[in-house]
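Report on the following structure.
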Amino acid sequence: MLAKVLSGALLGIDAYPVEVEVDIAQGLPQFSTVGLPEGAVKESKDRVISAIKNSGYEFPARRITINLAPADIKKDGAAFDLPMAVGLLTATGLVKEGAAGRFVMMGELSLDGRVKPVRGVLPVAVAARDWQTQGLILPAENTPEGAIVDGLKVYGVRDLGEVISFLNGAHPLSPCALPVPELFAQARQGAEDFAEVRGQEHAKRALEVAAAGGHNILMVGPPGSGKTMLARRISTILPDLSFAEALETTKIHSVMGLLPEKQALIARRPFRHPHHTISDAGLIGGGSYPRPGEVSLAHNGVLFLDELPEFKKNVLEMLRQPLEDGQVTIARAATSLTYPADFMLVAAMNPCNCGFYGDSLQQCSCTPLMLQRYKTRLSGPLLDRIDLHVEVPRVAHKDLSDPRDAEPSAAIRARVEAARAVQRERLAPFGLHCNAQMQARHIRRFCAVDEAGHKLLEMVTDRLGLSARSYARILKLARTIADLANCSTITQAHLSEAIQYRSLDRRPG
Ligand SMILES: Nc1ncnc2c1ncn2[C@@H]1O[C@H](COP(=O)(O)OP(=O)(O)OP(=O)(O)O)[C@@H](O)[C@H]1O
Ligand SMILES: [Mg+2]
């Protein structure tokens, strides 16, 4: 007796179909799983046996072989429990022949037969749309995640018994439907807002410029000046996620099993803030079967590195590839996987060890040597990829006590979106979408500076000794500032604002 049930497995953030084949033959009772089962799949049989028995079905005391095809890719996770159990019960005749063959199933079984949630549902749902199936049978908790994908029927189940009666036609289920536009509307509610940040107009303007051009930014300031507070709000001034972007970001979170309960879609740009003790595998991704890291969880959103100099240098160096390519490739002996990692980098640090260098009230207690050391802790190659440096000084009392709300995020976001639209139109023929991505040839072409601007640039290059690299940075930033002002030519005013955002180029020592 042979039965086949369809399921799906993950390869990176995409899924491929897996056929669960169950064969029951005469012979001594035995149960083996083949097809490169790893970790939790190896233990499936014990859960499947108990779940079948405890759901009141008979378990065949014969020779059972389960094959997971294609047999040459390693399979991990507990999601095959359900298709295995259904395959077994089909082979013994408890499920009508052919009833299961047209559904894709995923689910972990508990020993008493309940179906428990699994990770990676969304990628399977996205892929299953093209597999010509009758629908997807999922643990009830996972159904909203699967239902995001339209053109696919998704059924939620609570226990093995329910699946069996559904397949036998004894217990009808209705497919889960999800109002996607509502998810986007909900995501906008209750978010933190720039209106809560008092004063700090200079820093807010810098963040607006960064968001408008997709530039990476570093904030430097004494403890308690609001760096973390500002960073947390950046995603609220970035353009809204498109459905395709939301889907891609959600897939990554789904693969990691990190989707918050009752949240089917990540409809708001993610904000990730890993602690500075994070390992390179945690940041970039890794493990024997490579899993995405923080850079991928921040895909289409913000990666915030607080206390930048505290991060290990080798960990920061690893950021180069994602910052350059918008994706990471993790090679391991068994597999090499590529995960998307296109994020805006936001970093924060104190100006020195004690935190008060340059503060208006508190004296800095660091020695010149300590200042020097603190500065060298920053990774050069990483700093090279940060377009804006902004000082976030302590907030004045008159600002803090101001009862009026500051400008809300929505108003800032409107300006950011307008500036992005200009950039998209200009850069689309080159396959780029924001100013931060411009290379030397695009800069030459699109960053035309007026006469007075030229004079200013000449003066600062010679006086401040700016490197060729900072020079290009300044032009890119000035382009974004001009776009925010809807100007086609870069003027002196745009340039002088851009020059302010390169404060670390000028710091002594
Ligand atoms: N501009 C501001 N408007 C309103 N509240 C503020 C402002 N700046 C700071 N605060 C308050 O101070 C708290 C501390 O700010 P935050 O944690 O952002 O400081 P920080 O610069 O990150 O400090 P550290 O360097 O110690 O990490 C905030 O949670 C907020 O309540
Ligand atoms: Mg902080």
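The values are calculated or read from the model by the stated rules, or taken from the named source; none is laboratory data. The structure displayed is predicted, hence computed values, not measured ones. Methodologically, a virtual Cβ is constructed for each residue, glycine included, from the backbone with ideal geometry; neighbour enumeration extends over all protein chains shown. Quick note on the areas: whole protein, heavy atoms, side chains included, nothing else; ligands and nucleic acids left out. Shrake-Rupley method; radii C 1.70, N 1.55, O 1.52, S 1.80 Å.
Filtered by the rule that a residue be open to solvent by 20 Å² or more (accessible area, probe 1.4 Å), closer than 15 Å to Leu6 by Cα and among the aliphatic types (A, V, I, L, M), region 69-99 gives Ala69, Ala71. Tell me which residues, restricted to region 363-398, are assigned to a helix (DSSP H, G or I), within 18 Å of Met219 (Cβ to Cβ) and either open to solvent by less than 20 Å² (accessible area, probe 1.4 Å) or not basic (Lys, Arg) (or both). Within region 363-398, Tyr374, Leu382, Leu383 meet the criteria.
Any residue at all in region 146-167 that's touching a residue at least 60 places away in the same chain (Cβ under 8 Å), under 25 Å from the mean Cα position of the chain (by Cα) and within 19 Å of Gly77 (Cβ to Cβ)? Taking every residue of region 146-167 in turn, none turns out to be touching a residue at least 60 places away in the same chain (Cβ under 8 Å), under 25 Å from the mean Cα position of the chain (by Cα) and within 19 Å of Gly77 (Cβ to Cβ). Look at Ala79 and say whether it is modelled with pLDDT of 95 or more, of a type in the set (A, V, I, L, M) and at negative phi. Criteria not met by Ala79.
For region 399-417, a residue qualifies if it is loosely packed, with under 15 Cβ neighbours inside 10 Å and more than 16 Å from ligand 1 (Cβ to nearest atom), and the qualifying residues are Ala410, Ala411, Ala414. When the residues of region 194-221 are filtered to those that are under 21 Å from the mean Cα position of the chain (by Cα) and open to solvent by 10 Å² or more (accessible area, probe 1.4 Å), the one that is nearest to ligand 2 (Cβ to nearest atom) is Asn216. Scanning region 443-484 for residues that are of a type in the set (S, T, N, Q) and touching a residue at least 24 places away in the same chain (Cβ under 8 Å) yields Ser467, Ser470, Thr480. Among the residues of region 222-246, those identified as within 16 Å of ligand 2 (Cβ to nearest atom) and not in a loop (DSSP other than H, G, I, E, B) are Lys227, Thr228, Met229, Leu230, Ala231, Arg232, Ile234. Listed by position, the helices (runs of 4 or more DSSP H) contained in region 459-509 that have at least 2 residues being open to solvent by 30 Å² or more (accessible area, probe 1.4 Å) and closer than 15 Å to Val449 by Cβ are 468-484, 492-500.
Hey, could you check region 252-288 for residues that are under 24 Å from Gly190 (Cβ atoms) and not in a loop (DSSP other than H, G, I, E, B) and say which is farthest from the chain's Cα centre (by Cα)? Step by step, filter region 252-288, then rank; the result is Ser254. Does region 344-353 contain any residue that is within 23 Å of Ser225 (Cβ to Cβ), out of contact with any Asp or Glu (no Cβ under 8 Å at 6 or more places or on another chain), open to solvent by 70 Å² or more (accessible area, probe 1.4 Å) and not β-branched (Val, Ile, Thr)? Within region 344-353, one or more residues are within 23 Å of Ser225 (Cβ to Cβ), out of contact with any Asp or Glu (no Cβ under 8 Å at 6 or more places or on another chain), open to solvent by 70 Å² or more (accessible area, probe 1.4 Å) and not β-branched (Val, Ile, Thr).
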